[in-house]
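Here the structure is laid out as structure tokens; the discussion comes afterwards.
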Amino acid sequence: MAIIRLKTMENGIAKKMAMLDLDVVNGTKEKLVHSLYHIKRIVGASDGSATLPAELNYFSIKTGANDDDGRPTTYADINMDSAGMISQGYYFWGQNIRVVALPDKDDETPFIKGIDKNNLQKFFVNDIGKILCDGVVSIEVADKPLVRLAPLISFPSMVGIDIPSIQGDGSFANASFRNVGEVRPIDLWLENNITFKFKVNFFGTPKKVYQSFRLGFFIDGILYRPRA
């Protein structure tokens, strides 16, 4: 997880946090480091017949609802108790956005043995590389624009796997797409059922997806919630 700030230059957020911190001292609320996350399954096809959707909507469903692939979600996919909003009595100051690309959960074959060289190249260079090097993230709060940033690779992941050369031929297998740089700080304040929209758009010619994989976003920050 990225470094969490304790103070903000956004005056409105600072005032609300000061009031909530008093509730923490009084024992009526808890203050936690927290991340909202939503990890979507992107369906691919080895013959190149599957393409990346032009728009992906994140955090727009609650845990247990069906996602874009028609499958019911669990807490392994998303941790939203309400669709597109924070539940009543909760407050969240989102500070950093992270993006992760993960293998498909359906693939139980050992990673290196299950993908031959050609498919591996398509997976990393086309499916992951091209997608991370594209994409526009936009966030709206109460239907008002807050953030619009691109490309996806500019958002750090803070996680990753480093495989030096799984083919041993010194070719593309030595290349890597690393998005582990500085964080992209934001000031996203959510409270009392204020809705927010988190969209990722891909423009231009639809991109082919050869291997199914998962694309997820994390919003790291501080959560205030009623003390149980």
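Picking from Gly48, Gly27, Gly12, which residue would you name as being more than 15 Å from the chain's Cα centre (by Cα), surrounded by fewer than 12 Cβ atoms within 10 Å (Cβ to Cβ), at positive phi and in contact (Cβ under 8 Å) with a residue 60 or more places away in the chain?
On the way: Gly48 fails: surrounded by fewer than 12 Cβ atoms within 10 Å (Cβ to Cβ); Gly12 fails: at positive phi.
Just one listed residue meets the conditions, Gly27.
Considering the conditions (1) within 19 Å of Pro53 (Cβ to Cβ); (2) at pLDDT 75 or above, Asp106 is excluded by exactly one of them, (2). Across segment 181-209, the number of residues qualifying as modelled with pLDDT under 90, closer than 18 Å to Ile86 by Cβ and in contact with a Lys or Arg (Cβ under 9 Å, 6 or more places away or on another chain) comes to 0.
Take segment 43-62 and flag every residue that is closer than 17 Å to Phe218 by Cα and of a type in the set (Val, Ile, Thr). Correct list: Ile61 only.
In segment 59-74, the residues that are free of Cβ contacts under 8 Å to residues at least 24 places away in the same chain reach residues that are surrounded by fewer than 17 Cβ atoms within 10 Å (Cβ to Cβ) and among the β-branched types (Val, Ile, Thr) with C-beta atoms within less than 9 angstrom, at least six apart or across chains, in these pairs: Thr63/Thr74; Gly64/Thr74.
Those residues that are within 13 Å of the chain's Cα centre (by Cα) and more than 15 Å from Phe213 (Cβ to Cβ), I need them from segment 51-65; list them, please. Walk me through it before giving the result.
Within segment 51-65, the first condition is being within 13 Å of the chain's Cα centre (by Cα), and the residues that meet it are 56-60.
Matches in segment 51-65: Asn57, Tyr58, Phe59, Ser60.
Check whether at least one residue in segment 62-71 is in contact with a Gly (Cβ under 8 Å, 6 or more places away or on another chain) and not aromatic (Phe, Trp, Tyr), and report yes or no.
no
Would you check if Gly89 is closer than 22 Å to Thr8 by Cβ, at pLDDT below 95 and not in a strand (DSSP E or B)? Working first, answer last.
On the way: closer than 22 Å to Thr8 by Cβ: yes; at pLDDT below 95: yes; not in a strand (DSSP E or B): yes.
Taking the combined requirement at face value, the residue satisfies it.
Taken over segment 200-213, the criterion of being surrounded by fewer than 17 Cβ atoms within 10 Å (Cβ to Cβ), on the phi < 0 side of the Ramachandran plot and either part of a strand (DSSP E or B) or out of contact with any strand residue (DSSP E or B) (no Cβ under 8 Å at 6 or more places or on another chain) (or both) is satisfied by Asn201, Thr205.
Residues in segment 142-169 that are more than 15 Å from Ile128 (Cα to Cα) and of a type in the set (S, T, N, Q) were compared, and the one that is modelled with the highest pLDDT is Gln167.
The values are calculated or read from the model by the stated rules, or taken from the named source; none is laboratory data. Everything numeric in this text was worked out from a predicted model, so none of it was measured. Methodologically, a virtual Cβ is constructed for each residue, glycine included, from the backbone with ideal geometry; neighbour enumeration extends over all protein chains shown.
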